[in-house]
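Student: My questions all concern the structure below.
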Amino acid sequence: MKKDNLNPLKSKKAEWVVTLPGFVWLALFFAIPAVIVLAFTFHGHTANGGVGDWSMSTWRELVDPDYPAIVWNTLRISFWVTLWSIVLALPCAYAIARMNSKWKNIVAGSIMLPFWTSFVVRVFAWKTMLHPDGWLQSCYITWLTVKNWMLAWIGLASHAPIDVASSTILDSEAAVVLVSVYSFIPFAIMPIYTAAEKFDFSLLEAARDLGASNFYAFRKIFIPGVKQGLISAILMVFIPAIGSYVIPQMLGGTDCVLIGNKIFMRAIQMRNIPHASALATLMAVSVLVPIGCAMWWKRRQNARDRKRLEAQTARLLVSRH
Amino acid sequence: MTNDFLVFDHVTKRFGAMTAVNDVSLTVKKGEFFSLLGPSGCGKTTLLRMLGGFERPDSGRIYLEGKDITDLPPNQRRVHTVFQNYALFPTMTIWDNIAFSLKLAKKDPEEIEERVDEILEMIQLSDQAWKYPNQLSGGQKQRVAIARALVDRPLVLLLDEPLAALDLKLRQHMLIELDTIHDQVGITFLYVTHDQGEAMSLSDRIAVINKGTIEQLDGPAKIYEAPANRFVASFIGDTNFFSGEIVSIEGDYCFIQCENFPQIQAFNDKNLKVGQKVDLSVRPEKMRVTPTPPLPEKGAGINVYPSKVNDIVYQGVYTRYWVTSSGCKIHTLRPHSRFLLDQEPITWNDDVFLWWHPDDGYMVEVKED
Ligand SMILES: Nc1ncnc2c1ncn2[C@@H]1O[C@H](COP(=O)(O)OP(=O)(O)OP(=O)(O)O)[C@@H](O)[C@H]1O
Ligand SMILES: [Mg+2]
């Protein structure tokens with residue numbers, strides 16, 4: 001008997017048995033639907049909401065001057081949502097991971113507490129909280145003032161007074177970002193917290209010992225140390241943010257229409273499934289292309305780093321002889 | 001004073017009701033290899049962490065080069081630590097790990113390169129520079145941790161049981177290496193260990209600590225040969241204790257009467273008087289067991305006691321004998337060498353003679369009445 005066979009997972013057959021359910025699941029609910037969606041985009045639509053014959057008409061219709069702006073808006077807002085979520089989640093996860101185990105469980109548990117209430121109800125509650133007479137409105141005005149002042153200060157925009165009457169936080173992009181961050185932040189905290197649990201905090205002491213400030217140690221040692229969690233957190237927030245439509249629908253007013261709203265409108269209201277499919281494809285492509293580029297660039301960078309280090313080693317070895 | 005390089009001045013640290021470090025004062029000289037030796041939980045790490053800046057003493061001050069550093073944060077002290085678990089940064093290569101403190105100090109790239117290369121050479125890991133810490137062996141990680149802490153030439157290097165995680169052979173090898181490194185760099189080493197062998201072989205001076213207080217501060221030989229009290233005598237190496245009272249004095253020697261034991265003759269270096277109570281410590285390797293009594297010596301007599309062998313433990317370098325004499329259990333060693341092999345063998349339940357020279361006993365404690 002070969003030694004490998006001692007480990008049941010190492011044998012080919014067992015490997016198949018173990019991974020097959022996952023494959024089937026992925027194929028059934030992800031790969032096949034994705035292909036169907038892609039196929040729909042090459043069909044026309046019928047008046048009663050069905051999918052018509054093969055044609056390029058859907059893609060031709062997609063040349064709507066509004067769409068690039070909407071895609072751009074979606075990407076931009078998702079970016080801000082992700083950024084704020086991560087910026088807030090990082091110290092939060094760090095703090096929880098450093099608590100003693102009693103508090104840790106209480107706090108980690110309470111992060112999941114909002115999920116006991118329906119998502120739509122919670123978003124609706126925000127509608128009340130963001131009412132023009134509420135205190136969040138005054139916070140918003142303050143934020144706008146500070147932002148304007150800062151932009152003027154760094155010379156990006158000329159200083160203009162805020163039009164208080166027309167600047168309501170409800171039905172603005174800010175409301176969408178705020179409530180999205182609120183909704184998605186548990187998905188950012190959890191993976192970072194899980195990674196931080198495994199992080200060896202004595203490394204931060206080592207960094208301090210070698211002369212690093214607290215912030216430097218956090219940035220250079222803690223953040224790379226929880227990188228895997230950070231990547232999951234980014235994906236866990238960015239992906240739902242891209243597809244979100246309830247929040248912009250309820251809080252974004254007419255200013256903030258995202259691709260999710262458009263897809264919803266095409267699919268449900270106008271019953272044009274091929275068009276909605278094409279929009280979904282468009283959005284997926286506009287996310288995947290930059291990610292693909294980034295990965296390629298990163299790979300090249302790593303290869304370069306490795307070459308540099310190997311060259312350094314070679315230099316060291318040469319200098320020794 | 002130039003000698004007062006590093007000073008702990010009446011330093012106390014409590015954790016809740018527990019006093020981890022109790023009113024410790026000590027002075028370390030520049031360039032010295034200084035060890036803190038004591039049993040587990042005696043406060044060694046706490047003492048080191050206060051010097052590193054990770055704990056604040058409840059009272060007392062710490063001075064380095066005459067400057068009060070008690071309240072400085074860790075990154076503002078020119079003191080680096082080699083942690084027990086190495087604490088190498090797993091996301092950085094060996095090279096970047098070592099360069100960490102230099103980059104922080106904003107040294108220019110050429111100098112950083114030069115110094116990192118130099119120290120990699122010293123620890124003989126130049127060919128591993130691009131690897132990550134988890135690709136190294138324990139001994140290599142250890143060397144990287146030392147290099148990382150030494151590269152920007154701190155005033156003091158703190159080592160917290162750096163060899164504890166290594167196996168015996170590697171530990172012995174690293175001991176020699178540490179000694180060499182200390183000689184090369186000339187930096188003050190503050191070394192924490194609970195292994196007396198490590199402390200003895202490396203240190204210029206040793207502070208023996210128990211329950212947060214210093215029991216003795218001396219050179220290794222002094223600590224072994226002239227322990228300040230019962231704790232030090234029993235913690236450093238093995239020993240046999242005889243508690244008794246001085247009953248008579250003859251010249252430089254005195255006679256001690258213990259309960260249930262014949263009189264013992266001992267060198268009276270502390271000029272004790274008749275009637276005082278003492279603890280006499282006799283190291284096992286200074287005693288002999290032989291089947292026949294020893295030849296009488298000139299000058300002082302020898303302490304000779306007929307005994308029975310209870311137990312024999314063969315330990316390679318030597319054999320350990322447990323014998324009973326007048327109801328006292330005493331242990332002694334006999335090294336294996338050609339010369340001694342010629343002696344008659346001793347086995348269980350043999351009647352033997354246990355003997356030692358009066359100069360080899362050391363009176364460790366004078367109990368005041
Ligand atoms: N952060 C802390 N909180 C509470 N008690 C502590 C803390 N750190 C240390 N102690 C206690 O202080 C005492 C001294 O601890 P310390 O770590 O200094 O011992 P040590 O001499 O280094 O022991 P070892 O050889 O086992 O490492 C111990 O009894 C320990 O329980
Ligand atoms: Mg310790």
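Student: Kindly indicate whether any position in the stretch B:84-102 is of a type in the set (Asp, Glu) and farther than 27 Å from B:Lys44 by Cβ.
Tutor: Yes, the stretch B:84-102 has at least one match.
Student: Can I ask one more? Tell me which residues, restricted to the stretch B:26-45, are touching a Phe, Trp or Tyr at 6+ places or on another chain (Cβ under 9 Å) and either more than 15 Å from ligand 2 (Cβ to nearest atom) or open to solvent by 20 Å² or more (accessible area, probe 1.4 Å) (or both).
Tutor: Listed by number, the residues that qualify are B:Leu26, B:Thr27, B:Val28, B:Lys29, B:Lys30, B:Gly31, B:Glu32, B:Phe33, B:Phe34, B:Pro39.
Student: So which of B:Ser281, B:Ser243 ends up being farther than 30 Å from B:Leu26 by Cα, in contact (Cβ under 8 Å) with a residue 24 or more places away in the chain and of a type in the set (Ser, Thr, Tyr)?
Tutor: Going through B:Ser281, B:Ser243 in turn, the sole match is B:Ser243.
Student: For the stretch B:53-96: of the residues being outside any strand (DSSP E or B), within 16 Å of ligand 2 (Cβ to nearest atom) and within 24 Å of B:Arg14 (Cα to Cα), which is most open to solvent (accessible area, probe 1.4 Å)?
Tutor: Within the stretch B:53-96, the match that is most open to solvent (accessible area, probe 1.4 Å) is B:Gln84.
Student: Please determine whether any residue of the stretch B:95-105 is within 16 Å of ligand 1 (Cβ to nearest atom) and assigned by TED's automatic domain parsing to the domain that holds B:Glu198.
Tutor: No, every residue in the stretch B:95-105 fails to be within 16 Å of ligand 1 (Cβ to nearest atom) and assigned by TED's automatic domain parsing to the domain that holds B:Glu198.
Student: In the set A:Leu210, A:Leu178, A:Leu156, A:Leu170, which member is in contact with a Lys or Arg (Cβ under 8 Å, 6 or more places away or on another chain) and either at pLDDT below 90 or open to solvent by 50 Å² or more (accessible area, probe 1.4 Å) (or both)? Steps first, please.
Tutor: Working: A:Leu210 fails: either at pLDDT below 90 or open to solvent by 50 Å² or more (accessible area, probe 1.4 Å) (or both); A:Leu178 fails: in contact with a Lys or Arg (Cβ under 8 Å, 6 or more places away or on another chain); A:Leu156 fails: in contact with a Lys or Arg (Cβ under 8 Å, 6 or more places away or on another chain).
One residue alone meets the criteria, A:Leu170.
Student: Also, I was wondering about something else. Among the residues of the stretch B:111-159, which ones are acidic (Asp, Glu) and within 11 Å of chain A (Cβ to nearest Cβ)?
Tutor: The answer is B:Glu113, B:Glu114, B:Asp117, B:Glu118, B:Glu121, B:Asp127, B:Asp152.
Student: Right, another one. Of the residues A:Thr58, A:Thr74, A:Thr128, which is farther than 18 Å from A:Leu251 by Cα and in a helix (DSSP H, G or I)?
Tutor: Checking each option against the conditions leaves just A:Thr58.
Student: Of all residues in the stretch B:19-68 being over 24 Å from the mean Cα position of the chain (by Cα) and touching a residue at least 60 places away in the same chain (Cβ under 8 Å), which is nearest to B:Leu178 (Cα to Cα)?
Tutor: Once the filter is applied, the top-ranked residue is B:Glu65.
Student: Right, another one. Do we have any residue at all in the stretch B:118-126 that's acidic (Asp, Glu), more than 17 Å from B:Glu177 (Cβ to Cβ) and either open to solvent by 60 Å² or more (accessible area, probe 1.4 Å) or at pLDDT 90 or above (or both)?
Tutor: No, the stretch B:118-126 contains no residue that is acidic (Asp, Glu), more than 17 Å from B:Glu177 (Cβ to Cβ) and either open to solvent by 60 Å² or more (accessible area, probe 1.4 Å) or at pLDDT 90 or above (or both).
Student: I would also like to ask the following. Looking at (1) within 29 Å of the chain's Cα centre (by Cα); (2) closer than 28 Å to B:Phe5 by Cβ, which is the only condition B:Ala165 fails?
Tutor: Of everything listed in (1) within 29 Å of the chain's Cα centre (by Cα); (2) closer than 28 Å to B:Phe5 by Cβ, B:Ala165 misses just condition (2).
Student: Please determine, by comparing only the residues of the stretch B:1-25 that are open to solvent by 10 Å² or more (accessible area, probe 1.4 Å), aliphatic (A, V, I, L, M) and more than 11 Å from ligand 1 (Cβ to nearest atom), which one is farthest from B:Tyr191 (Cα to Cα).
Tutor: Among them, the one singled out is B:Met1.
Student: Among the residues of the stretch A:166-199, write down those that are touching a residue at least 12 places away in the same chain (Cβ under 8 Å) and either part of a loop (DSSP other than H, G, I, E, B) or more than 21 Å from the chain's Cα centre (by Cα) (or both).
Tutor: A:Ser167, A:Thr168, A:Ile169, A:Leu170, A:Asp171, A:Ser172, A:Glu197, A:Phe199
Student: Within the stretch B:255-266, count every residue that is within 31 Å of the chain's Cα centre (by Cα), among the hydrophobic types (A, V, I, L, M, F, W, C) and either under 15 Å from B:Ile302 (Cα atoms) or not in a strand (DSSP E or B) (or both).
Tutor: Summing the residues that are within 31 Å of the chain's Cα centre (by Cα), among the hydrophobic types (A, V, I, L, M, F, W, C) and either under 15 Å from B:Ile302 (Cα atoms) or not in a strand (DSSP E or B) (or both) in the stretch B:255-266 gives 3.
Student: Specify which of the listed residues (B:Val309, B:Val274, B:Val317) is of a type outside the set (Lys, Arg), open to solvent by 50 Å² or more (accessible area, probe 1.4 Å), over 19 Å from B:Gly361 (Cα atoms) and in contact with a strand residue (DSSP E or B) (Cβ under 8 Å, 6 or more places away or on another chain).
Tutor: None of the other options fit; the residue is B:Val317.
Student: Would you pick out the residues in the stretch A:185-204 that are more than 25 Å from A:Leu235 (Cα to Cα) and either more than 14 Å from chain B (Cβ to nearest Cβ) or not aromatic (Phe, Trp, Tyr) (or both)? Don't jump to the end; show me each part of the working.
Tutor: At the first step, the residues of the stretch A:185-204 found to be more than 25 Å from A:Leu235 (Cα to Cα) are A:201-204.
Correct list: A:Ser202, A:Leu203, A:Leu204.
Student: Does A:Gly292 meet the test of being outside any helix (DSSP H, G or I) and either open to solvent by 30 Å² or more (accessible area, probe 1.4 Å) or away from chain B (no Cβ under 14 Å) (or both)? If you could, list the steps in order and put the result at the bottom.
Tutor: On the way: outside any helix (DSSP H, G or I): no; either open to solvent by 30 Å² or more (accessible area, probe 1.4 Å) or away from chain B (no Cβ under 14 Å) (or both): yes.
No; evaluated as a whole, the condition is false for this residue.
Student: Quick one: count up the residues across the stretch A:205-229 that are among the aliphatic types (A, V, I, L, M), in a helix (DSSP H, G or I) and within 7 Å of chain B (Cβ to nearest Cβ).
Tutor: Counting residues in the stretch A:205-229 that are among the aliphatic types (A, V, I, L, M), in a helix (DSSP H, G or I) and within 7 Å of chain B (Cβ to nearest Cβ) gives 2.
Student: Among the residues in the stretch B:188-210, are any touching a strand residue (DSSP E or B) at 6+ places or on another chain (Cβ under 6 Å), in contact (Cβ under 8 Å) with a residue 24 or more places away in the chain, under 22 Å from B:Ile119 (Cβ atoms) and within 14 Å of ligand 2 (Cβ to nearest atom)?
Tutor: There is at least one residue in the stretch B:188-210 that is touching a strand residue (DSSP E or B) at 6+ places or on another chain (Cβ under 6 Å), in contact (Cβ under 8 Å) with a residue 24 or more places away in the chain, under 22 Å from B:Ile119 (Cβ atoms) and within 14 Å of ligand 2 (Cβ to nearest atom).
Student: Which residue pairs have Cβ atoms closer than 9 Å, lie 6 or more positions apart in sequence or on different chains, and pair a first residue in the stretch A:298-313 that is of a type in the set (Ser, Thr, Tyr) with a second residue that is open to solvent by less than 80 Å² (accessible area, probe 1.4 Å)?
Tutor: Short answer, once both residue conditions are applied: A:Thr313/B:Trp95; A:Thr313/B:Ser126; A:Thr313/B:Asp127; A:Thr313/B:Gln128; A:Thr313/B:Ala129; A:Thr313/B:Trp130.
Student: Tell me which residues, restricted to the stretch B:97-110, are surrounded by fewer than 22 Cβ atoms within 10 Å (Cβ to Cβ) and facing chain A (nearest Cβ under 9 Å).
Tutor: B:Leu104, B:Ala105
Student: Which residues, counting only those in the stretch B:213-233, are in contact (Cβ under 8 Å) with a residue 24 or more places away in the chain and outside any strand (DSSP E or B)?
Tutor: Passing the criteria: B:Tyr224, B:Glu225, B:Ala226, B:Pro227, B:Ala228, B:Asn229, B:Arg230, B:Val232, B:Ala233.
Student: Count, please, the residues in the stretch B:26-67 that happen to be among the polar types (S, T, N, Q) and within 15 Å of ligand 1 (Cβ to nearest atom).
Tutor: 4
Student: Does the stretch A:32-51 contain any residue that is modelled with pLDDT under 90, open to solvent by 100 Å² or more (accessible area, probe 1.4 Å) and either in contact with a Ser or Thr (Cβ under 7 Å, 6 or more places away or on another chain) or under 18 Å from A:Ala276 (Cβ atoms) (or both)?
Tutor: yes
The values are calculated or read from the model by the stated rules, or taken from the named source; none is laboratory data. As the structure is a computational prediction, the values presented were derived from the model and not from experiment. Here Cβ is always computed from backbone atoms with ideal geometry, including for glycine, and neighbour counts include all displayed protein chains. Just so you know, the surface numbers come from the protein's heavy atoms only, side chains and all, with ligands and any DNA or RNA stripped out. Shrake-Rupley method; radii C 1.70, N 1.55, O 1.52, S 1.80 Å.
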